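As structure tokens, the structure follows; a few thoughts come after it.
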Protein chains: 2
Amino acid sequence: MPASPLFRRIDVAPAYQKVAEAIEREIVSGRIKPGDPIGTEHELVRQFGVNRSTVREGIRVLEEGGLLRRDSSRRLQACLPRYNKLATRLSRALVLHEVTFRELFEASMTLEVASTESAVERATEEDIAELAGNLARSEQVIADPAALAECDADFHVLMAKASHNRVLQLAREPAAQLFFPTTEMIVSHVPQGASRLIEAHRHLLEAIRRRDKAAGAQWIRRHLQDWRRGFERVASLDRSVEHMYMEHAKAVRRK
Amino acid sequence: MPASPLFRRIDVAPAYQKVAEAIEREIVSGRIKPGDPIGTEHELVRQFGVNRSTVREGIRVLEEGGLLRRDSSRRLQACLPRYNKLATRLSRALVLHEVTFRELFEASMTLEVASTESAVERATEEDIAELAGNLARSEQVIADPAALAECDADFHVLMAKASHNRVLQLAREPAAQLFFPTTEMIVSHVPQGASRLIEAHRHLLEAIRRRDKAAGAQWIRRHLQDWRRGFERVASLDRSVEHMYMEHAKAVRRK
DNA sequence: CAAATCTACTTTGTCCGACAAACCGATAAA
DNA sequence: TTTATCGGTTTGTCGGACAAAGTAGATTTG
């Protein structure tokens with residue numbers, strides 16, 4: 001145990017980091033609210049007394065962290081980090097760690113069941129209406145695997161929203177981003193895949209309407225098992241998530 | 001539906017983003033392995049044909065995303081994004097969204113139970129040894145709430161590691177980072193809090209040793225319920241996580 | 001009077017060149 | 001063998017510059 005120190009640890013962080021930290025502090029502490037303008041780069045230069053290049057490096061850090069964005073006219077403003085954007089980073093990390101589909105499946109089984117059970121308990125009328133709207137759209141695009149896969153992903157996002165638990169919502173997102181891109185592949189390879197998917201969604205919605213937790217849990221499990229069986233027709237569960245993800249990322253980038 | 005287009009959508013992303021994306025592609029695709037050097041800024045300037053300021057902005061983006069780091073001599077190298085670092089961003093996001101302890105508790109109940117059940121099934125001898133080591137340390141610091149709280153957080157991290165499911169490991173981390181900082185407070189306010197905590201850990205370890213899934217699930221639930229009861233003595237579950245987190249963050253920064 | 005257009009100013013994205021401090025490697029000195 | 005010294009790199013920061021795009025106010029037009 002050292003004696004009480006004479007000197008405080010000196011802060012050797014580079015200037016751009018200090019700029020980023022200073023702005024971050026203001027936002028996290030709530031002194032700057034989401035949507036508030038941060039001021040122009042020139043103003044920040046004046047306030048911090050550093051060069052514009054330095055300010056810009058700090059800004060990039062915060063932009064990437066999701067605390068800052070540029071509005072339509074590219075002026076800076078504070079913002080609430082969107083789960084979705086952060087989840088993308090996490091998904092990428094999972095890919096790099098060469099996570100397998102088995103891990104993804106197991107985790108999703110837990111997360112989606114929890115999300116469903118909460119949704120059954122807490123879904124509001126609006127939540128139900130959104131889910132119903134999604135279901136209707138799904139039925140229209142039943143013959144288009146890509147569109148149906150997108151509907152499926154949305155359905156589960158809506159379900160997580162209906163759980164009214166943002167932690168759960170956030171926790172499931174990275175796995176879902178890797179999990180659901182495979183849906184298109186499965187739906188187009190497995191006969192009856194599309195109709196079974198929609199049937200499961202219909203029963204899930206019905207369970208929510210009746211506040212029947214057991215039915216909800218049962219149908220989400222069945223839905224995921226369907227995915228698993230479908231997936232195993234095409235590839236091994238122990239394959240790393242890497243390839244699928246790469247292809248999907250490419251497709252998204254084209255949009 | 002548009003006719004097949006004559007021209008491809010031109011890419012108007014700013015140069016620093018393209019630099020970041022180009023490097024990201026190389027890393028995510030595996031052509032650059034974690035640990036590989038990226039080359040000096042000057043080299044990147046040459047390769048991309050843009051200014052150094054531009055390159056540096058791109059580098060900041062990737063550094064923040066965890067794909068790039070600077071080694072001891074500040075040279076750039078690729079790296080695997082650590083869950084922990086990303087989880088910190090997520091935790092911050094949860095704070096900004098004013099998540100409540102109730103949400104945190106419910107999600108953790110799901111995530112920790114799943115993590116425990118997997119650990120019971122799959123923990124290796126090394127996992128068990130690590131958990132046992134942690135338990136021994138806990139018993140030594142039973143009178144020191146801060147140290148005990150740290151042990152508790154570590155215990156659950158080790159448990160997640162023992163689950164051998166990296167998706168689960170990642171999914172629980174953000175919640176845990178917000179959840180466990182309160183442990184110190186609870187342990188020091190609730191008589192028997194420390195001993196109950198250690199008893200729960202002991203039973204959890206025992207359940208893993210005996211591969212007794214039901215016992216594992218039961219004890220982790222009990223452990224979390226203990227937390228909840230303790231917490232409710234001090235504050236309301238419906239309080240936003242914000243204040244606690246802010247104080248904890250300050251404490252960590254001082255370290 | 002309202003709408004459209006033009007013009008002057010601001011802001012961002014990028015570039016150039018520069019320099020001190022830190023770091024690396026190798027050689028010289030103890 | 002260890003320590004000290006000395007160039008050569010590399011990073012972090014700086015100042016200034018300019019084109020493109022956006023903004024807002026003034027001006028023209030219907």
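Residues in the stretch B:37-45: is at least one more than 13 Å from DNA strand D (Cβ to nearest atom), surrounded by fewer than 21 Cβ atoms within 10 Å (Cβ to Cβ) and touching a residue at least 12 places away in the same chain (Cβ under 8 Å)? First the steps, then the outcome.
Filtering the stretch B:37-45 down to residues more than 13 Å from DNA strand D (Cβ to nearest atom) leaves none.
The answer is no; no qualifying residue exists.
Among the candidates B:ALA78, B:ALA87, single out the residue that is aliphatic (A, V, I, L, M) and in contact with a Lys or Arg (Cβ under 7 Å, 6 or more places away or on another chain). Reasoning before the result, please.
On the way: B:ALA87 fails: in contact with a Lys or Arg (Cβ under 7 Å, 6 or more places away or on another chain).
Exactly one residue qualifies, and that residue is B:ALA78.
Provide a single number: the residues in the stretch B:10-32 that are at pLDDT below 90 and in contact with a strand residue (DSSP E or B) (Cβ under 9 Å, 6 or more places away or on another chain). Spell out how you get there, then give the answer.
Taking the stretch B:10-32 and keeping what is at pLDDT below 90, we get B:10-13, B:28-30.
Filter again for in contact with a strand residue (DSSP E or B) (Cβ under 9 Å, 6 or more places away or on another chain), leaving none.
Count: 0.
Of all the residues that make up the stretch A:94-112, how many are assigned to a helix (DSSP H, G or I) and touching a residue at least 24 places away in the same chain (Cβ under 8 Å)? Step through it out loud before you land on a result.
So in the stretch A:94-112, the residues assigned to a helix (DSSP H, G or I) come out as A:94-96, A:101-112.
From what is left, the residues that are touching a residue at least 24 places away in the same chain (Cβ under 8 Å) are A:94-95, A:101-102, A:104-105, A:107-109, A:111-112.
Of the residues in that region, 11 qualify.
Of the residues that make up the stretch B:128-135, is at least one small (Gly, Ala, Ser), more than 19 Å from B:LEU204 (Cβ to Cβ) and more than 9 Å from chain A (Cβ to nearest Cβ)?
As a first pass, look at the stretch B:128-135 and keep what is small (Gly, Ala, Ser): B:129, B:132-133.
When the remaining residues are screened for being more than 19 Å from B:LEU204 (Cβ to Cβ), the result is none.
No, the stretch B:128-135 has no match at all.
Can you tell me how many residues in the stretch A:72-96 are more than 22 Å from A:THR183 (Cα to Cα) and touching a strand residue (DSSP E or B) at 6+ places or on another chain (Cβ under 9 Å)?
5
Could you check the stretch A:70-90 and list, in sequence order, the residues that are crowded, with 20+ Cβ neighbours inside 10 Å and more than 10 Å from chain B (Cβ to nearest Cβ)?
A:LEU76
Pairs under 7 Å by beta carbon, first residue at the interface with chain B (Cβ under 10 Å from one of its Cβ atoms) in the stretch A:148-177, partner among the β-branched types (Val, Ile, Thr) and open to solvent by less than 10 Å² (accessible area, probe 1.4 Å), six or more apart or different chains?
A:ARG166/B:VAL99; A:VAL167/B:VAL99; A:ALA175/B:VAL167
Can you find, within the stretch A:22-69, the residue that is nearest to the other protein chains (Cβ to nearest Cβ) among those that are of a type in the set (D, E, K, R), within 13 Å of DNA strand C (Cβ to nearest atom) and more than 19 Å from B:ILE59 (Cβ to Cβ)?
A:ARG69
For the stretch A:46-81, how many residues are more than 10 Å from DNA strand D (Cβ to nearest atom) and touching a helix residue (DSSP H, G or I) at 6+ places or on another chain (Cβ under 8 Å)?
Filtering the stretch A:46-81 down to residues more than 10 Å from DNA strand D (Cβ to nearest atom) leaves A:46-47, A:59-70, A:76-81.
The next check asks that each one be touching a helix residue (DSSP H, G or I) at 6+ places or on another chain (Cβ under 8 Å); those that pass are A:59-70, A:76, A:78, A:80-81.
Residues flagged as more than 10 Å from DNA strand D (Cβ to nearest atom) and touching a helix residue (DSSP H, G or I) at 6+ places or on another chain (Cβ under 8 Å) within the stretch A:46-81 amount to 16.
Name every residue in the stretch A:91-133 that is buried (at least 18 other Cβ atoms within 10 Å of the Cβ) and among the hydroxyl-bearing types (Ser, Thr, Tyr), in order of residue number.
Selection gives A:SER91, A:THR100, A:SER108, A:THR110, A:SER115, A:THR116, A:SER118.
The values are calculated or read from the model by the stated rules, or taken from the named source; none is laboratory data. From a predicted model like this one, the values you see are computed outputs, not experimental measurements. Cβ atoms come from the backbone with ideal geometry, glycine included; neighbour counts cover every protein chain shown. Note: accessible area is taken over every heavy atom of the protein model, side chains too, but ligands, DNA and RNA are not part of it. Shrake-Rupley method; radii C 1.70, N 1.55, O 1.52, S 1.80 Å.
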